[in-house]
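A short write-up of the structure that comes next.
The values are calculated or read from the model by the stated rules, or taken from the named source; none is laboratory data. All values derive from a computational prediction rather than experimental measurement. Please note: Cβ atoms are built from the backbone with ideal geometry, for glycine as well, and neighbour counts cover all protein chains shown. Heavy atoms of the whole protein, side chains included, go into the accessibility calculation; ligands, DNA and RNA do not. Shrake-Rupley method; radii C 1.70, N 1.55, O 1.52, S 1.80 Å.
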Amino acid sequence: MTRALPVALLLAVLLALPARTRAKPPPEEPRVEKVRKAIEHGKDYLVRRQSRAGDWEGDVPASRPGGGTALALLALLNAGVPAEDPVIQNGLKWLRTVPAAQTYVVGLQTMVYCLAGQNEDRERIQRNVDWLVKARQMNGDKLRGWSYTQGQASVPDNSNMQYALLGLHEAQAAGFAVDPEVWRSVRTYYIDYQSRGGWAYKRTETAPTLTMTTAGLCGLVIAGMDLNQGRETLRDGRWDKCGDYEENRAVAQALEWMGTHFPAGDDLRALSQHLFYALYGVERAGRLTGLRFFGPHDWYRAGCDFLTERQNPDGSWRGLGDESWPIVATSFSLLFLSKGRTPVLVSKLVHDGRDGGRIYRDDWNNDRNDARHLVEFSSRELFKRQPMGWQVFNSRDVEPASVESLVAELLQAPVAYLNGHYAPDFAREGRMKEVLKKYVENGGFILAEACCSRPEFDGGFRELMKELFPDTPLTKLGDDHAVWTASGKFAIPPNRRPPLEGIQMGCKTVVVYSPKDLSCWWESNQYGDGEGQTAFRLGANIIAYATGLEPPKPRLTEVEVFRDDPRETKVPRGYVKVAQLKHEGDWQPAPRAMPNLMRELREKSRLDVATQVEEINPRLPEVIDFKFLYMHGRRSFRIAPEKLEHLRFNLETGGLLFADACCGSDEFAASFRQLIDDLWAGKKLQKIPLTDELFGKELNGTVITEVRCRRKEAGRADREFQPGEPLLEGLKVNGRWAVIFSKYDIGCALEKTKSTSCFGHDYESAVRLGTAAVLYALKR
C-alpha cells in the first residue's frame, strides 16, 4: 500500500511553503477596520481641539453656549473614551459651569451626565429634567412641543423637541423619574401631527423631511418604551395586551416613508446642508427600532462607506451651514460610526404566524422590547456593561441574496431569536429555513419561546424543528445541563426551572426552546424578583451558554461561512486527506471540525487539501495510507493492544496522530494516555516546549507564544477564555513528534462551539494549533 501523499508531492509541498510569505498585492482593507481607524482618527481630532479650559466652544457657533462642548463629550464617550480620562473630566468640569438655558444644550448636557455616570452630577441631571419638563409648551392637555428656551414666546419645532426627549429618555434610563403624562403627551403629539407618513420641521408644516421623520420615529419609539412598564398585565396565568401598542400604525407608516425617501442609490450627498445631523438621526432610528434596513437600504453600511471616504486628513469632517464647523460635523460622524458599530448580540427573526388558513404578519413582534431588555440585562450582568445591540433580521430586506450571504449576515449575531402566538411560517422569507440550518452548522444558536405559552406556536415550532433537524429531535434538558448555571452568576434552582427543551449536535445544544412564556417578562422589564427575575436570569444563562461569555465582534465584521464544495465528490489526485479514527466512545462529537480546519488551510495557507474526511477504524490496514490522523471524543474508550499494529506502523514511519479531549474531558484524556501506553509500553506524553519548531516562525509564519483557552485546574475553572501559552503534549518517535495531544478542546472550537461548559480553545487559537499540527505532519 502507498500513502496518500507520495514523496514527490511532499517535496512539492515543502517547496511551496515559503511562498506563503511572498509579497502579494494586499487585499482591500475590511470595512470594519476602516471604520475603526476612522473612529480613532476622529477621536484624536476632537482631543486635539479641546481648549486648555476643557471646552470646545471656540470652534462652534456662539449662539448655543455649551452645545459644542456637550456634543464633543457625547461623541468621545460613545466612541469609547472612558469617563475617567482627563479629557472627559476636564470637559465635564467646564460643562458644569453652563446653566440650564437652551433646550438643545440642556438635552445634550443631560445625555453626557447620564453617560459619564458621575455621582456629583445627579443633582444636575434632576435639575435638567425639571427644566425640560417645564419647557414644554402646552395647549390645555395637548403638547405643542419644545422651542429653544422656556416660555411660550418662541415657536416650538421638532428639532428642539427631539433633543429634549433624548435627554429625558437617558435620564429615565439612569433612574430619574419622568411623569408618564409627559410621554403620553409626546406619543399623542407625534400620532396627531404625522403627515404623509413622516414629520416636518414644525407641526404646522406638512412636507416631511428625513431629519424630522427620524426625529418623529425616535420620539414615538422612545415614548412607547418609557410607557411600556406595566402595559402588559398577567391575569389568571395569561398576559393581557400582549402585542398591543398605540403607536404601531404610526411607526409602520414612518418606516415605510423612510424606506422610500432614503437617498437614491445611497448617495448621502443628497442630504446636503444637514448631512451629519441627518446621519445621527438615522443611526438612532435604526438602533431604537432594531432595523438593519430602511426599505432596501442598509443604512449603517451606506453611512460608513460615505464617512470613511470623506474624512479629512486631520481626522475631521466638515459640511455646510452649521456643519461647516468641524467640531459639529465630526461629533455627529463619531456618534454615527461608534454607536452604529455596537456588536449585535441577538437577531430577532421576522416571520408570519399561521393559524390554519389565516396569516398574522406581525406575529414575530408581539413583544417589541423583549430582545432589547434581555440584551440590556445581559450586557450589564454578563459583559461588564460593554454596549451590546439587537437587530431585526428580515431576509426579505436583502433579497436577492445567496443563502451563504444571508447566513453570513445572520452570523454577526451569535443568537437568533424567534417567538410568536401562532405557528411560525417562513413562506414569505424564501430560503430562511435553509439559512437557519446553515446558521447552526456554522456555529449559530437558536433561542425560541412560545409567547404567552400559546399552544399554537408550540405545535408549529415543533414541526419546524422536525423539518430542519430530522435526525436530532427536541428533548427535555436535564437538571445537569450547563444552561441552568452557564453564566456562573445566576444558578436557577430546580423548583424555579421552566421545562426547557433543546436540540443537541455533537457536544453542544444548538437550539433551546421554552414552551412556557419568557418574552412577556422580558417585555415588562421586571427583573427584580419572582418569575420576572427567573426569566431574566434564565435568559442571561442561555446567552452565556450560546456565546461562551465571548462578546460578538463589532457590526460589519465579515464572517466566513463554510460550505460544502460540490466539486469534491472525488478528491483530486495528490490532495492531502485527513482520516479520523473511530473508537468505541463518542468518536465524532464535532463532525465538522476537520473539514473546517482543512478549509482554513486551503484558503489561508494555500495548500491542496481535501475538505472531506475519511472515517476509519485504527485496526484496519488502510490506516497506514494517511499521513495525518485525527482523534477526538468525550467518553472513555479502549482499543485492544493487539489491534494497534497498523496504527503503530503508521506513526513509526512518518505519520502523525493529532488528538484532543472534547470539551476538556478527563475521561477521554485518561483513555488516550492508556492508548499511548498500549502503543509503546512505558512511554508517556510529554509537554511540548515553547521553543519547539512546532510553534516556530519557520513553520507557521509567526511564532505561536500565546493562545486563548478556557481551562480547568485544581480548585478553579475558567468561565471566560484566558490568554496563556499553548499546552500541547506529544510523543516523539525517531526524533519527530508522532503524537500531538491537547487535554483542552480543539475540535468543538473548530465548529465554533462557545459553551462555557466546554473547556478548551477559542476558534482562532484552535485554527492556529490545528494548522501547526498539519504543517508539521507535511514537513516531516
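Structural remarks
- Restricting the stretch 260-276 to residues that are open to solvent by 40 Å² or more (accessible area, probe 1.4 Å) and more than 30 Å from the chain's Cα centre (by Cα), the residue that is modelled with the lowest pLDDT: SER272
- Restricting the stretch 305-325 to residues that are assigned to a helix (DSSP H, G or I) and open to solvent by 70 Å² or more (accessible area, probe 1.4 Å), the residue that is farthest from ARG49 (Cα to Cα): GLU309
- ASP367 vs. criteria of a type in the set (D, E, K, R), touching a strand residue (DSSP E or B) at 6+ places or on another chain (Cβ under 9 Å) and either closer than 23 Å to THR756 by Cα or open to solvent by 50 Å² or more (accessible area, probe 1.4 Å) (or both): no
- Figure legend. Inter-residue proximity from the stretch 696-711: first residues part of a strand (DSSP E or B), second residues at pLDDT 95 or above and small (Gly, Ala, Ser), beta-carbon distance below 6 Å, spacing 6+ or different chains. Indicated pairs: VAL707/SER765; ARG708/SER765.
- Screening TRP183, TRP257, TRP239 for residues that are part of a strand (DSSP E or B) and either of a type in the set (Phe, Trp, Tyr) or within 29 Å of the chain's Cα centre (by Cα) (or both) leaves exactly one candidate, TRP239.
- Every pair of residues 6+ apart whose Cβ atoms lie under 8 Å, when the first sits in the stretch 381-397 and is over 20 Å from PRO551 (Cβ atoms) while the second is open to solvent by 50 Å² or more (accessible area, probe 1.4 Å) and not in a helix (DSSP H, G or I): SER395/GLY430; SER395/ARG431; ARG396/GLY430; ASP397/PRO296
- For the stretch 474-484, the count of residues that are open to solvent by less than 70 Å² (accessible area, probe 1.4 Å), farther than 22 Å from LYS516 by Cβ and assigned to a loop (DSSP other than H, G, I, E, B) is zero.
- Filter pass, GLU123 being assigned to a helix (DSSP H, G or I) and either farther than 20 Å from PHE332 by Cβ or open to solvent by less than 10 Å² (accessible area, probe 1.4 Å) (or both): yes
- Filter pass, ARG249 being part of a helix (DSSP H, G or I), more than 25 Å from the chain's Cα centre (by Cα) and more than 30 Å from ASN541 (Cα to Cα): yes
- Taking the numbered list (1) under 19 Å from VAL129 (Cβ atoms); (2) in contact with a Phe, Trp or Tyr (Cβ under 7 Å, 6 or more places away or on another chain); (3) among the hydroxyl-bearing types (Ser, Thr, Tyr) in turn, SER185 passes all entries but (2).
- Taken across the stretch 753-776, residues that are open to solvent by 60 Å² or more (accessible area, probe 1.4 Å) and either without any contact (Cβ under 8 Å) to a residue 40 or more places away in the chain or not in a loop (DSSP other than H, G, I, E, B) (or both) do occur, with at least one present.
- Only listed residue being modelled with pLDDT under 95 and farther than 21 Å from LEU291 by Cβ, chosen from VAL155, VAL182, VAL178: VAL155
- Filtering the stretch 339-379 to residues that are assigned to a helix (DSSP H, G or I), farther than 22 Å from ARG249 by Cβ and modelled with pLDDT of 95 or more leaves HIS373, LEU374, VAL375, GLU376, PHE377, SER378, SER379.
- Criterion applied to ASP625, ASP692, ASP677, ASP660 was being among the acidic types (Asp, Glu) and modelled with pLDDT under 95, and the one residue passing it is ASP625.
- Qualifying residue in the stretch 700-713 (condition: under 22 Å from GLY654 (Cβ atoms), in contact with a helix residue (DSSP H, G or I) (Cβ under 9 Å, 6 or more places away or on another chain) and open to solvent by 10 Å² or more (accessible area, probe 1.4 Å)): yes
- Members of the stretch 101-119 found to be more than 34 Å from the chain's Cα centre (by Cα) and either assigned to a helix (DSSP H, G or I) or surrounded by fewer than 21 Cβ atoms within 10 Å (Cβ to Cβ) (or both), listed by number: ALA101, THR103
- Out of GLY286, GLY281, sole residue that is of a type outside the set (S, T, N, Q) and without any contact (Cβ under 8 Å) to a residue 60 or more places away in the chain: GLY286
- Selection of first residues in the stretch 243-258 that are of a type in the set (Ser, Thr, Tyr) and of second residues that are in a helix (DSSP H, G or I) and open to solvent by less than 30 Å² (accessible area, probe 1.4 Å), restricted to Cβ pairs under 7 Å at least 6 apart or on distinct chains, gives the following pairs, ordered by first then second residue: TYR245/GLY224.
- Evaluating LEU5 against the criteria (1) open to solvent by less than 50 Å² (accessible area, probe 1.4 Å); (2) at pLDDT 95 or above; (3) outside any helix (DSSP H, G or I) leaves one unmet condition, (2).
- Check on PRO387, in contact with a helix residue (DSSP H, G or I) (Cβ under 9 Å, 6 or more places away or on another chain), at pLDDT 95 or above and not small (Gly, Ala, Ser): no
- When the stretch 132-146 is limited to residues that are without any contact (Cβ under 8 Å) to a residue 40 or more places away in the chain and in a strand (DSSP E or B), the one that is surrounded by the fewest Cβ atoms within 10 Å (Cβ to Cβ) turns out to be ASN139.
- Filtering the stretch 40-66 to residues that are in a helix (DSSP H, G or I) and either without any contact (Cβ under 8 Å) to a residue 24 or more places away in the chain or open to solvent by 10 Å² or more (accessible area, probe 1.4 Å) (or both) leaves GLU40, HIS41, LYS43, ASP44, TYR45, VAL47, ARG48, ARG49, GLU57, GLY58, ASP59.
- Test for ALA717: is it open to solvent by 10 Å² or more (accessible area, probe 1.4 Å), over 32 Å from the mean Cα position of the chain (by Cα) and small (Gly, Ala, Ser): no
- Among residues of the stretch 163-179 being open to solvent by 10 Å² or more (accessible area, probe 1.4 Å) and of a type outside the set (Gly, Ala, Ser), the one that is farthest from GLN194 (Cα to Cα) is PHE176.
- Residue tally, condition crowded, with 19+ Cβ neighbours inside 10 Å and in a loop (DSSP other than H, G, I, E, B), over the stretch 67-80: 1
- Among residues that are over 13 Å from VAL133 (Cβ atoms), without any contact (Cβ under 8 Å) to a residue 40 or more places away in the chain and not β-branched (Val, Ile, Thr), GLY198 is not included.
- Test result for SER402, closer than 26 Å to GLU560 by Cβ, open to solvent by 20 Å² or more (accessible area, probe 1.4 Å) and over 17 Å from the mean Cα position of the chain (by Cα): yes
- Number of positions in the stretch 201-236 that are assigned to a loop (DSSP other than H, G, I, E, B), farther than 26 Å from GLY259 by Cα and either open to solvent by 60 Å² or more (accessible area, probe 1.4 Å) or among the polar types (S, T, N, Q) (or both): 3
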